[in-house]
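The block underneath contains the structure these notes are about, expressed in C-alpha cells.
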Amino acid sequence: MAYSEKVIEHYENPRNVGSFDKDDPNVGTGLVGAPACGDVMKLQLKINDQGIIEDAKFKTFGCGSAIASSSLATEWVKGMSIDQAMGIKNTQIVEELNLPPVKIHCSVLAEDAIKGAIADYKAKRQSAAAGPAPSAPQKAAGVATQKAAT
Amino acid sequence: MTLKLPIYMDNHATTPVDPRVVEAMLPYFTEIFGNAASRSHSFGWTAEKAVEAARDQVGALIGASGKEIVWTSGATESDNLAIKGVAEFNKDRGNHIITAQTEHKAVLDTCKRLEKEGFDVTYLPVEQDGRVNPETVRAAMTDKTILVSIMLANNEIGTVNPIEEIGAIVKKGGAIFHVDAVQGVGKIPFDVNAARVDLASLSAHKMYGPKGIGALYVRRKPRVRITAQIDGGGHERGMRSGTLNVPSIVGFGKAAELSRTEMASEAKRLFALRERLREGIQSRVTDTYINGSMEHRLPGNLNISFAYVEGEGMLMGLKDVAVSSGSACTSASLEPSYVLRAVGVEEEMAHTSIRFGLGRFNTEEEVDYVIDLVVGKVKKLREISPLYEMAQQGIDLKSIQWAAH
C-alpha cells in the first residue's frame, strides 16, 4: 500500500516524541487502543492554569499512519485552548494526511487520544480541587484508559 | 559488487524467474507456438513433445511419473481441483474431510465452500511449533472420512509437517491424501511414494518459474479419481480442460529440473544465510521471538516477532527491503495472521511479526544490510513505542485494561 508523502514525512521525522511526568498536575495523559489490535497511542498534554496547551508529547505503537496521526495531533494542539483541542475532528486528520479508508481508525484513535488526555487533565484538576488526591489509584495502569469506539 | 536496492526477501510470496528458465521459454512464444492439442500438424506435435518433457521434469522432482502431472493455472486451482474433485467424486462414500487450521486459504476456503454443500470438515489444531501432530489425524478419522489435506510446509512460518507419518495414517484409514506442497517442493525433499500422497498441488512461481502455471499430481497406481471442475475439450485426461499454456509449462519444467538438481546445495546456502540473518538480529535486539519450529523449517524462512514494535510500522521503515508482516492492520477486521494465532502466538505478538523469505538470488551482503537496517529500525520504533516504555518501567502490559476497538 502506498503511503502519502505527509504520512511518510511524519513517520520519518515524528514530532514531539517523548513523555511528560504523568503525575504532574498540569499534565493530562490519554492512552488509547490496544496491543491486540495493533495500535496503542499515548498522548500527553501540558496545560497551563489558563487552560492553554503549552506542550504535547506522544508515543505510538502502530503502523505508519498511526504514528503520523499522533505526531500531527501533537503539532496541532500546541497553543490551543482546551476547547479548541476538543474540537479537533478525526476527519481533519484524514484530510491533512490523505489517509485511505482502511486507515481512518488511526485518525479516530488520535482524536480519542486528545480527548482522553483532556479528560485525564480535568479529572486531576477536579480531584485536586476536592482535596488531596486519594492514594494513587491505578498505579499499575498509571494512565487513563479511554474507550476508543471505532 | 554494489548492493542493489530494493532487496527482495519475500520469496514465499513469489520468486523471480530464473534467467535459465526464461531462456528455455522464449522459443515457445514465437517459433514453437503450436497448440499442444493439435494432432494434424508438426506445430502441434512439437508443442506436445515439449509439454510431455516438462511433465517428466516436474514429475521427477516429486518422485512421480510425468503421466501423473495435470497442468493447472496455479496452486489455488490445484487445491480447488483436488479437494472439490475428490469430494464430488466420493460423496456417496463419505462426507468427512480433515485439514489443518494453518493451511493456505486456497485449501481452507475450498473446505468452507464444501461445508455449505453438506460436507463435514475437521480443522485440526497444530502444535506450538506449528506442526500437525499425526496422532490428531488418526484420532479425527472416521469411516466417513474421504479426504485428508495437509500442507508440506507453511507459507508464513515455514514449518515442515511430518508428511510421511501422516500419509501412513491416512492410507491405513482408507482416505485420499492431498498435500499442498507449494512451499516445500524444490526446497526440501518430497517424494509422493515415500509419503503415500495421492494428490499434490504445485506452483511454478514459488520455484523460480513463471506465474500462472501450476500442477496437480494425481496418482495412477492405484488410480485416484477426481471430478473435473473445468469442463471443455477434455484436455489433461479429462481432469482439466483448456488449451495448454505451452511456454509456461516449458518454464515450469525447466524450473523443476533446476530445483531438483540444485536443491541440496541451495538448501545448504539458504540455511546458512537464514542463520546469519537470525543470529545477526537476535544478537543485537532484545525481546525477539521466533515463530514456528526451528528444527522442522524451510531453510529460507525466518518468522520473527519484535516485541513492542508493530509489524506494519516496521515494514514502512524497511522500505528498501521487501518482506511481509503477520500484522494486518489494513484489513477491516484488524485481525492478525490466523497462522500465528493457530500456533498460540498472542495477538499482540502476532502484530509484531515479520516474515523474511530468503531465496536463490539473495546474497550475504544483502543479509548484512538487512540486519543493520532491522536493528536500527527496531531501536528507533521502540523509542517511540509506549509499550516499550511501559515494559521498561516494569509495568505488566497485561495488567492494563485496554479498550478494544
With a ≥ b ≥ c from the Cα gyration tensor eigenvalues, square-rooted, and the rule rounded for a/c under 1.5, otherwise prolate when a/b > b/c and oblate otherwise, chain B is oblate
Restricting to lysines and to Cα separations under 21 Å from residue B:105, and discarding same-chain partners fewer than 8 apart, the set is B:84, B:116, B:206, B:211
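Averaged over its residues, how many other protein chain Cβ atoms are within 10 Å of peptide A:61-71's Cβ atoms? Write out the running numbers ahead of the final one.
Working: counts 16, 11, 12, 9, 5, 4, 6, 1, 0, 2, 1.
Mean shielding count: 6.
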Among beta bridges assigned by DSSP with both residues in the protein assembly as shown, the antiparallel ones amount in percent, to the nearest 5, to 65 percent
The summed charge of the residue A:55 Cβ neighbourhood (under 10 Å; Lys/Arg +1, Asp/Glu -1) stands at +2
Rounded to the nearest 0.05, FRET efficiency between residue B:29 and residue B:320 (Cβ-Cβ, R0 56 Å) equals 0.95
Computed, not fitted: 222 nm per-residue ellipticity of the protein assembly as shown from DSSP H runs ≥ 4 (each -39500 (n - 2.57)), nearest 500, equal to -12000 deg cm²/dmol
Looking only at aspartates and glutamates whose Cα falls under 13 Å of residue B:144's and that sit 8 or more positions away or on another chain, we get B:92, B:120
With residue B:349 itself left out, Lys, Arg at +1 and Asp, Glu at -1 over residues whose Cβ is under 13 Å from its Cβ give -3
In debye to the nearest 20, the charge dipole size for chain B, taken about the Cα centre with +1 at each Lys and Arg Cβ and -1 at each Asp and Glu Cβ, equals 1140 debye
Listed by chain and number, the residues whose amide H is under 5 Å from that of residue B:176, excluding neighbours fewer than 5 places away on the same chain and using placed H, are B:147, B:148
Convex hull around the C-alpha positions of the stretch B:247-323: the volume in Å³ per residue is 139 Å³
With Cα coordinates, the longest principal axis of chain A makes an angle with the long axis of helix A:64-77, in degrees rounded to 10, of 50 degrees
Cross-link reach from residue B:171 to aspartates and glutamates, straight Cα distance under 16 Å and at least 8 residues apart if same chain, gives B:135, B:143, B:191, B:198
Per-residue average of other protein chain Cβ atoms inside 10 Å, peptide B:218-230 -> 0
Once phi for every residue in the stretch B:345-362 is put through the Karplus expression 6.51 cos²θ - 1.76 cosθ + 1.60 (θ = phi - 60°), the whole-Hz ³J(HN,Hα) values, with Gly and Pro written as x, are 6, 5, 4, 5, 7, 4, 5, 9, 8, 10, 9, 9, x, 7, x, 3, 9, 7
Among the DSSP H helices of chain B, those whose Cα atoms extend at least 27 Å along the helix axis and whose mean Kyte-Doolittle hydropathy is 1.0 or higher are none
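When a/c is below 1.5 the answer is rounded, else prolate if a/b is larger than b/c, else oblate, so apply that to the stretch B:87-148 with a ≥ b ≥ c taken from the square roots of the Cα gyration tensor eigenvalues. It would help to have the intermediate numbers written out before the result.
Working: a/c = 2.86, a/b = 1.43, b/c = 2.00.
Verdict is oblate for the stretch B:87-148.
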Karplus ³J(HN,Hα) for the stretch B:138-151 (6.51 cos²θ - 1.76 cosθ + 1.60, θ = phi - 60°; Hz, whole; x = Gly/Pro) runs 4, 5, 7, 6, 10, 6, 9, 6, 9, 8, 10, 10, 10, 7
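For chain B, what relative contact order do you get, as a whole percent, if you take Cα pairs closer than 8 Å and at least 6 residues apart?
Working: 807 pairs, mean separation 84.4, N = 405.
Computed value for chain B: 21 percent relative contact order.
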Rounded to the nearest Å, the spacing of the alpha-carbon centers of the stretch B:8-24 and the stretch B:109-180 is 30 Å
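I'd like the antiparallel share, as a percent to the nearest 5, of DSSP beta bridges with both residues in chain B.
The antiparallel fraction comes to roughly 55 percent.
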Checked against the positive end of the charge dipole of the protein assembly as shown (+1 on Cβ of Lys and Arg, -1 on Cβ of Asp and Glu, about the Cα centre), the farthest of B:327, B:311, B:192 is B:192
Quick numbers on the protein assembly as shown, Rg and Dmax over C-alpha atoms in Å, give 27.7, 100
If amide H atoms are modeled at 1.01 Å from N in the peptide plane, then the residues at a separation of 5 or more from residue B:321, or on another chain, having amide H under 5 Å from its own are B:7
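R0 = 51 Å: FRET efficiency of residue B:53 with residue B:135, Cβ-based, nearest 0.05? Please list the in-between numbers first.
Details: r = 42 Å, r/R0 = 0.82.
Given R0 = 51 Å and the Cβ-Cβ separation, E is 0.75.
The numbers here are math on the coordinates, done by the rules we state, and not lab data. Only a predicted model underlies this, so the values are computations on that prediction, with no experimental measurement involved. Don't worry about glycine lacking a Cβ; one is built from the backbone with ideal geometry, like all the others, and counts go over all protein chains shown.
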